[in-house]
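A.B. asks: Right, I'll just put the structure down here and ask away after.
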Amino acid sequence: MATMRDILANRVYAKLFGAQVIALIGTGLLTVALGLLAFDLAGGDAGIVLGTALTIKMVAYVGVAPLSAAMTSHLPRKLLLVSSDAVRGTVAVSLPFVTEVWQIFVLIFVLQAASATFTPAFQALIPEVLPDEGQYTRALSLSRLAYDLESLLSPVIAAALLTVISYHNLFLGTAFGFLGSAVLVLAATLPGARPHHVAPFVERLTSGVGVFRRTPELRALAALNLGVAAATAMVLVNTVVLVQQQFSRPAVDVAVALACYGLGSMIVALSAPRLIARFLDRRVMLFGSAVLPVGLVLAAGVAALPDPLAGSPLSHSPAAWAAALGIWFLLGAATSLILTPSARLLRRASTTANGPAVFAAQFSLSHACFILTYPLAGLIGAFAGLSVAALALAVVAAAAAWLALREFSSAGQPAEARG
């Protein structure tokens, strides 16, 4: 089986992977800087500003990705990727000059629309750069690892920079990240142009979703996306409440809990190629989907511990805190079991011609799930408690696992087993 060193020896892929890493670091700096900017402009309403910005992000992802793929399918891929990075960099440079909240919303929409153009096109390009199945699987593992490392390292880098510079300069770091990404893409020798035939616009717009509708494995993936969104929403929306309210722990332990989630995901990402080679894609993904509702039920149990203000020793117990960290680790591992192999299903179901449309459809459909689960996690958590929110999300994850199992069963023998 190909090793990480083997795929990084591919100079084209190494440059593209470097572009991804640099852009991710820049995006991480943007997340920190945007929160500080929102607080400057809105004070105590900063949470509303950030919540609205996140919603705008998801709407841009869901609406723009398939539209962009349809409109740009005839463009040279290098031009498309570099132009997207240029737009993102320009927006980042503009953000320090914002004086009104509405300006944040407009700029964030433009930036995320550019990301919704860049990311599916980039993802569809990698199978052409690494046509070998083993190398492609390793590349997926590296990509997942890059996302996890970004979530862990970017806040640390931002905190270090903020000791010597103002947060406005973090936006410049974001811009340099996108600039570095564009330079590396320019330096890479990309595969030849896609087939010249251009289908009618409506066909290009709907072709990716059509492939999902016709392919049982991709219908299963669409269900698995919902399970991932349920677990991720619980972690991202409610970790701070669980840590600081339920356990009465300091703010730094919010980062510790999130790091445990990321660590679980990273360990699985590194071991995913061996797991897939031994157990096949669908079995690995279905196992992850079965673990998610179990983890969320366990999270509900931890969240149901008596209120520390009532003087109960349970929520102050080191064992209870360790259990919470273990559950977050478990949820991170389970989501990675689903996410890491997912692009292999997309690759098998698509061709060079419709690949960008299929990857754009996955980009939109997966992010659409968060439009449901983010409010579910937040609103139920606020009005009925974290335990009820976790149980509701467990029901969603369990339903998603059942749907995925049904669709995989209708697909017959796994394609990777036949091959």
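Bear in mind these aren't lab numbers, they're just calculated from the coordinates by the rules spelled out. What you see is a predicted model, and the numbers here were worked out from it, not measured in a lab. So basically every Cβ, Gly included, is an ideal-geometry build from the backbone, and we count neighbours across all protein chains shown.
A.B. asks: What's the exposure ranking of Arg213, Arg77, going from fewest to most Cβ atoms within 10 Å? Intermediate values should be presented prior to the final figure.
C.D. replies: Numbers: Arg213 12, Arg77 20.
Listed from fewest to most nearby Cβ atoms, that is Arg213, Arg77.
A.B. asks: Shape verdict for region 199-410, please, from the Cα gyration tensor: rounded (a/c under 1.5), prolate (a/b greater than b/c) or oblate.
C.D. replies: Values: a/c = 2.51, a/b = 1.98, b/c = 1.27.
Note, shape of region 199-410 comes out prolate.
A.B. asks: For region 1-194, just say rounded, prolate or oblate: build the C-alpha gyration tensor, square-root its eigenvalues into a ≥ b ≥ c, call rounded for a/c under 1.5, and beyond that prolate if a/b exceeds b/c, oblate if not.
C.D. replies: On the way: a/c = 2.17, a/b = 1.58, b/c = 1.37.
The shape class here is prolate.
A.B. asks: Just check the chain against the gyration tensor rule for me: Cα atoms, a ≥ b ≥ c as the square roots of the eigenvalues, rounded for a/c under 1.5, and otherwise prolate or oblate depending on whether a/b exceeds b/c. Write out the running numbers ahead of the final one.
C.D. replies: Numbers: a/c = 1.66, a/b = 1.19, b/c = 1.40.
Oblate.
A.B. asks: Can you order the peptides 12-20, 219-227 by their average number of other Cβ atoms within 10 Å per residue, highest first?
C.D. replies: 219-227, 12-20
A.B. asks: Here is a follow-up. As a check on your grasp of the helix formula, calculate [θ] at 222 nm for the chain: sum -39500 (n - 2.57) over DSSP H runs of n ≥ 4, divide by the residue count, round to the nearest 500.
C.D. replies: Working: 15 runs with 342 residues, N = 419.
That comes out to -28500 deg cm²/dmol.
A.B. asks: While we're looking at this one, here's another question. Can you tell me which of 336-345, 389-398, 269-278 comes out highest on packing, and rank the rest after it, using the mean Cβ neighbours within 10 Å?
C.D. replies: On the way: 336-345: 24.9, 389-398: 23.4, 269-278: 18.1.
Descending mean neighbour count gives 336-345, 389-398, 269-278.
A.B. asks: Let me check against my output: what whole-number percent is the relative contact order of the chain, with C-alpha pairs under 8 Å and at least 6 apart? Mind dumping the intermediate values first?
C.D. replies: Numbers: 612 pairs, mean separation 108.3, N = 419.
Relative contact order for the chain comes out at 26 percent.
A.B. asks: How would Arg347, Arg11, Arg283 line up from fewest to most surrounding beta-carbon atoms within 10 angstrom?
C.D. replies: Listing Arg347, Arg11, Arg283 from fewest to most nearby Cβ atoms yields Arg11, Arg283, Arg347.
A.B. asks: So how strong a dipole does the chain carry about its Cα centre when Lys and Arg Cβ are +1 and Asp and Glu Cβ are -1, to the nearest 20 debye? Present the calculation step by step, with values, prior to reporting the outcome.
C.D. replies: Values: 24 positive and 17 negative charges, 246 e Å.
Magnitude of the dipole: close to 1180 debye.
A.B. asks: OK, next. Can you compute the label reach from Val240? Point 7 Å from Cα along the Cβ direction, backbone N cut-off under 18 Å, restricted to region 5-32.
C.D. replies: 28-32
A.B. asks: Rounded to whole Hz and in sequence order, give me ³J(HN,Hα) for region 365-382 from the Karplus expression 6.51 cos²θ - 1.76 cosθ + 1.60, θ = phi - 60°, writing x for Gly and Pro.
C.D. replies: 5, 5, 6, 4, 4, 6, 5, 7, 6, 4, x, 4, 5, x, 6, 5, x, 6
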